[in-house]
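Here is the structure we will look at.
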Amino acid sequence: MKRRDFIKTAALSSIAAGAFSAPAIAEEKETIEWKMVTTWPKNFPILGTSANKLAEVIEEMSGGRIKIKVYGGGELVPAMEVFDAVSRGTAQMGHGSAYYWKGKVEEAQFFSTVPFGLNAQEMNAWLYHGGGMELWTVTYEPFGVVPAAAGNTMVQMAGWFNKEINSVEDLKGLKMRIPGLGGEVLRRAGGTPVNLPGAELFTSLKSGAIDATEWVGPYNDLAFGFYKAAKYYYYPGWHEPGTTLEAIINKEALESLPKDLQSIVMYACKVVNQDMSTEFTAKNNAALDTLINKHNVDVRRLPDDVLEKLKALSEEVVLELAGKNPAAKRIYESYAKFRKQVIAWDDISEREYLNIR
Ligand code: CA
């Protein structure tokens, strides 16, 4: 063998040796293992499965450097303790919605949804490009928690009723499962809001223990079989016009990651945020068709005067929330200003287009 060939061969074999030893080095590299606690029953359609998807996207984008185990509500911690678990670092991530933490931070409700508030597209615009995300980040900072928008239900349905709603009078004495600010609005309209977990709704509706219930929209509602327990399916979901779901991340855990992985975690939330909206849109279309054409569901619009009344009471309730503390006031002012401007623009763009097509 000529000397030059020998050197070439030796060089090639050392490259080959290097190539072979590379995976061994990669294996030694630490895999970061995280836990994600959620407020949803494990694998709950769209809400729970989107949390699973978030974990998968992070693992895939990071080339397996981060692995996240997802827990359903009650598996590692109770659903309503997800925020605390992430705050104290029991889990590095959580998935839920900001209005669940109103007992801790009342103003957090602005970051999920408020009655007659922003829809999904407008909410994302406010969060990402209208100052909302900065306010949300500041809101969770004292708890060592970083928020990210990670899903949206889109406009929900007003709900399933066994009483016809023909006037404001019909709201009086109405016993309805409707949580949060919407429930408070119903109470002021003379109704009786009750809060029941999803699993108890069908039986309560069927037995007459409640007159009505809201849940989500056609896809999730069809799965629960509400059409077998209620006569009327009313729209629109004035109380939840585009509920934002959140991913929450323990701040210390996030900041301990290399910069590229921090970026992957945050962008993965953005991917899932958008993806859930599109999944709800696609599946609600199909489910509405099934409800109407297969199960002959009586789909009705709430009368104008009822919606006007609910709107006036909602303004009252949201203003009261804004008056709770200086932080709530700051968030409300940003939200309300954005809402006013986006309505002016949407009136001549989205609304007008939907009306003419
Ligand atoms: Ca709902």
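Once the Cβ-Cβ distance between TYR267 and GLU333 is put in as r, and R0 is 51 Å, what FRET efficiency do you end up with, to the nearest 0.05? Working shown, then result.
On the way: r = 29 Å, r/R0 = 0.58.
Efficiency, rounded to the nearest 0.05: 0.95.
Express in nm, to one decimal, how much length is gained between THR290 and ASP260 on full extension, taking 0.36 nm for each residue of separation and deducting their alpha carbon distance.
Answer, rounded to one decimal: 6.3 nm.
By counting other Cβ atoms within 10 Å of each Cβ, how are VAL70, VAL82 ranked from fewest to most? Numbers along the way, then the final one.
Working: VAL70 25, VAL82 29.
So the ranking, lowest neighbour count to highest, is VAL70, VAL82.
Where a Cα-Cα gap under 27 Å defines reach, which lysines qualify for LYS53, not counting those fewer than 8 residues away within the same chain?
The reachable lysines, counting only those whose Cα sits under 27 Å from LYS53, are LYS29, LYS35, LYS42, LYS67, LYS69, LYS102, LYS251, LYS259, LYS270, LYS283.
Which Rg and Dmax, in Å, describe the Cα atoms of the stretch 226-275?
Both quantities, over Cα of the stretch 226-275: 18.6, 55 Å.
Show the residues, 5+ positions off or on another chain, whose built amide H is closer than 5 Å to the amide H of HIS95.
Residues meeting the criterion, in which the H sits 1.01 Å from N, are VAL37, THR38, THR39, ILE248.
For ASN325 and ASP305 in the same chain, what is the full-extension length gain: residue separation times 0.36 nm, less their Cα-Cα distance, in nm? Present the calculation step by step, with values, prior to reporting the outcome.
Working: separation 20, 0.36 × 20 = 7.20 nm, distance 3.24 nm.
In short, 4.0 nm is gained.
If you take all C-alpha pairs in the stretch 214-357, what percent of them are over 19 Å apart?
71
What would the Debye formula give as log10 I(q)/I(0) at q = 0.12, 0.13, 0.27 Å⁻¹ for the alpha-carbon point model of the stretch 85-164, no solvent?
At q = 0.12, 0.13, 0.27 Å⁻¹ the computed log10 ratios are -0.40, -0.46, -1.49.
Name the long-range amide H neighbours of GLY159: under 5 Å, sequence gap of 5 or more, or other chain; modelled H, no Pro or chain starts.
The answer is TYR234.
Please state the equivalent ellipsoid semi-axes for the chain: what are the square roots of 5 times the Cα gyration tensor eigenvalues, largest first, in whole Å?
Values for the chain, descending: 46, 23, 20 Å.
Debye sum, Cα scatterers, the stretch 286-346, no solvent: what log₁₀ I/I(0) at q = 0.13, 0.19 1/Å?
Results for the stretch 286-346 at q = 0.13, 0.19 Å⁻¹ read -0.62, -0.83.
Would you list HIS95, HIS239 from fewest to most Cβ contacts within 10 Å?
The fewest-first ordering by Cβ neighbours comes to HIS239, HIS95.
How much of the DSSP bridge set in the chain is antiparallel, in percent, rounded to the nearest 5? Could you put the intermediate results ahead of the total?
Numbers: 15 of 33 bridges.
Percentage antiparallel, nearest 5: 45.
Fewest first, what order do VAL306, VAL86 take by the number of other Cβ atoms within 10 Å? Each step should come with its number before you reach the end.
Values: VAL306 21, VAL86 30.
Least to most surrounded, the residues fall as VAL306, VAL86.
Can you list the lysines whose alpha carbon is less than 18 Å from that of LYS231, not counting same-chain residues fewer than 8 positions off?
Cross-link targets: LYS163, LYS175, LYS206, LYS294.
Kindly state, to the nearest 0.05, the FRET efficiency for ALA312 paired with GLU252, given R0 = 56 Å and r defined as their beta-carbon distance.
Here the calculated transfer efficiency is 0.80.
Given a Förster distance of 41 angstrom, what is the FRET efficiency for LYS172 paired with GLU33, based on the Cβ-Cβ distance and rounded to 0.05?
E(calc), rounded to 0.05, equals 0.15.
Going toward the positive end of the dipole of the chain, with +1 on Lys and Arg Cβ and -1 on Asp and Glu Cβ, which of THR278, ILE356, TRP34 do you reach last?
TRP34
Return a whole-number percent for the relative contact order of the chain, with Cα pairs under 8 Å and 6 or more residues apart as the contact set.
For the chain, the relative contact order is 22 percent.
For the stretch 194-201, what does the Karplus curve 6.51 cos²θ - 1.76 cosθ + 1.60, with θ = phi - 60°, yield as ³J(HN,Hα) per residue in whole Hz, taken in order and with x for Gly and Pro?
The phi angles translate into 10, 10, 10, x, x, 5, 9, 5 Hz.
Please give the length that would be gained between GLU164 and GLN341 if that part of the chain were fully extended, namely 0.36 nm times their separation in residues minus their C-alpha to C-alpha distance (nm, one decimal).
Working: separation 177, 0.36 × 177 = 63.72 nm, distance 3.53 nm.
Extra length from GLU164 to GLN341 when fully extended: 60.2 nm.
Report the equivalent ellipsoid semi-axes for the stretch 103-238 in whole Å, largest first, defined as the square roots of five times the eigenvalues of the gyration tensor built from alpha carbon atoms.
31, 16, 15
Could you size up the charge dipole of the chain around its Cα centre, putting +1 on the beta carbon of Lys and Arg and -1 on that of Asp and Glu, and report it in debye to the nearest 20? The partial results should precede the final answer.
On the way: 40 positive and 44 negative charges, 143 e Å.
Here the chain has a charge dipole of around 680 debye.
Every number in this text was worked out from the coordinates using simple rules, so none of it is lab data. The structure displayed is predicted, hence computed values, not measured ones. Heads up, the Cβs are rebuilt from the backbone with ideal geometry, glycines too, and the neighbour counts pull from every protein chain shown.
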